[in-house]
Amino acid sequence: MKRLLFLFLSLPFLALAAPDLDPARFAKEIDAFDAADAKAPPEKGGIVFTGSSSIRMLDLKKVFPGLKALNRGFGGSHTSDLNHYLDRCLLRYEPSLVVFYCGGNDLWDKKSPEQVEEDFSEFRRRLFERSPEAKLIVMAVRPSPARVSIRDKEADLNARLKKAAEADKRIVYVAGSCDRFLDKTGETIRERFVEDGLHMSDAGYAIWKELLTPLLPKH
């Protein structure tokens with residue numbers, strides 16, 4: 001009886017977990033990574049940028065000229081999608097340095113910060129199992145004019161990402177990816193976003209360049 005009561009009381013909390021979206025929606029993007037690798041096999045032990053649209057739209061040659069790195073972001077992705085395709089979009093390169101930006105889409109699609117934290121924990125665990133000496137740079141989830149309604153959840157997730165970094169010297173948490181997009185009153189700086197109010201403008205990527213350059217190998 002007590003066990004049944006416990007299960008009954010737990011149901012509302014279990015129901016809070018939002019379902020993962022079907023990762024097959026990114027099959028073409030991942031197939032394109034396979035094709036690019038087949039055409040020009042990347043060297044192992046390099047730098048890989050991975051995550052959602054802020055990574056996908058990052059022009060590495062423009063923002064970091066001379067940096068030898070792979071861009072393996074796919075727009076709209078959740079952290080669970082990265083985990084589903086982790087071998088094909090990251091692990092097979094056995095990277096020495098990973099730049100990670102993801103989580104905002106997860107929250108927007110009703111996932112809780114706790115759920116995203118669990119997915120991130122799987123991501124980092126699998127990364128370090130494959131490449132134990134790798135370094136992981138985690139960009140804080142960026143607040144945006146288009147997603148003001150989830151600002152508190154973004155702050156919650158960022159606190160969790162920061163805590164993970166503090167517990168592992170291989171992880172660097174970049175708070176400026178959030179802080180530098182807010183003015184002194186806590187409002188988003190509109191010029192750092194494109195017209196949709198979600199994705200970064202050139203001014204936004206200039207902030208990323210400023211934040212990341214000291215953390216990347218000189219090039």
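Only the coordinates and a few stated rules stand behind these numbers; no lab work does. All values reported here derive from a predicted model rather than from experimental measurement. Every residue, glycine among them, receives a Cβ derived from its backbone with ideal geometry; neighbour counts consider all protein chains shown.
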### Summary
Residues whose modelled amide H sits under 5 Å from the amide H of residue 200, counting only those 5 or more places away in sequence or on another chain, are 194
### Query
Taking the DSSP beta bridges in the chain as the whole, what percent of them are antiparallel, to the nearest 5?
10 percent
### Phi-based couplings in Hz for the stretch 181-188 (Karplus 6.51, -1.76, 1.60; Gly and Pro marked x)
9, 10, 8, 5, 8, x, 8, 5
### Message
Would any residue of the stretch 132-146 have its amide N under 14 Å from a label point 7 Å out along Cα→Cβ of residue 172? List them or say none.
### Response
134-140
### Query
What ranking do 124, 72 get, fewest neighbouring Cβ atoms within 10 angstrom at the top?
124, 72
#### Entry: Residues 108, 208 arranged by fewest to most Cβ contacts within 10 Å
108, 208
### Query
Which length gain, in nm to one decimal place, applies between residue 182 and residue 94 when the Cα-Cα distance is subtracted from 0.36 nm times their residue separation?
28.2 nm
### Task
Please work out the FRET efficiency for the pair residue 35 and residue 206, using the Cβ-Cβ distance as r and a Förster radius of 35 Å; give the result to the nearest 0.05.
0.65
## Note on the structure
The pairs in 39/68; 111/184; 61/169 lying past 19 Å Cα-Cα in this model are 111/184; 61/169
#### Entry: Cα-based convex hull volume of the stretch 90-172 per residue, rounded to whole Å³
87 Å³
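Please arrange 185, 79, 213 by how many other C-beta atoms lie within 10 Å of their C-beta, fewest to most. Walk me through the numbers before you get to the answer.
Numbers: 185 5, 79 26, 213 13.
Fewest-to-most Cβ neighbours within 10 Å comes out as 185, 213, 79.
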### Message
Give me, ordered by chain and number, the residues 5 or more places off residue 99 or on other chains with an amide H under 5 Å from its own placed amide H.
### Response
48, 49, 50, 137
### Query
Using only helices, what value at 222 nm comes out for the chain when you add -39,500 (n - 2.57) per DSSP H run of length 4 or more and divide by the total residues, to the nearest 500 deg cm²/dmol?
-12500 deg cm²/dmol
### Task
Count the net charge of all other residues whose Cβ sits under 10 Å from the Cβ of residue 138, scoring Lys and Arg as +1 and Asp and Glu as -1.
+2
## Note on the structure
Given backbone amide H placed at 1.01 Å from N, residues whose amide H is under 5 Å from that of residue 171, ignoring those fewer than 5 places away on the same chain, are 136
### Query
If you plug each phi of the stretch 68-83 into the Karplus form 6.51 cos²θ - 1.76 cosθ + 1.60 with θ = phi - 60°, what whole-Hz ³J(HN,Hα) values come out, in order, with x for Gly and Pro?
8, 7, 9, 9, 10, x, 9, x, x, 6, 9, 4, 5, 5, 4, 5
### Task
Identify the residues of the stretch 79-109 with backbone N under 19 Å of a label point that sits 7 angstrom from the Cα of residue 159 along the Cα-to-Cβ direction, or state none.
103-104, 107-108
### Query
Which whole-Hz ³J(HN,Hα) couplings does the stretch 88-99 yield from phi under the Karplus relation 6.51 cos²θ - 1.76 cosθ + 1.60, θ = phi - 60°, glycine and proline marked x?
7, 10, 7, 4, 5, 8, 6, x, 8, 8, 10, 10
### Task
Calculate I(q)/I(0) for the chain by the Debye formula, one identical point scatterer on each C-alpha and no solvent, and give its log10 at q = 0.08, 0.10, 0.12, 0.19 Å⁻¹ to two decimals.
-0.29, -0.45, -0.64, -1.57
### Message
How charged is the neighbourhood of residue 128? Take every other residue with its Cβ under 14 Å from the Cβ of residue 128, and add Lys/Arg as +1 and Asp/Glu as -1.
### Response
+2
### Message
Can you tell me the length gained on complete extension of the stretch residue 194 to residue 146, counting 0.36 nm per residue apart and subtracting the Cα distance?
### Response
16.2 nm
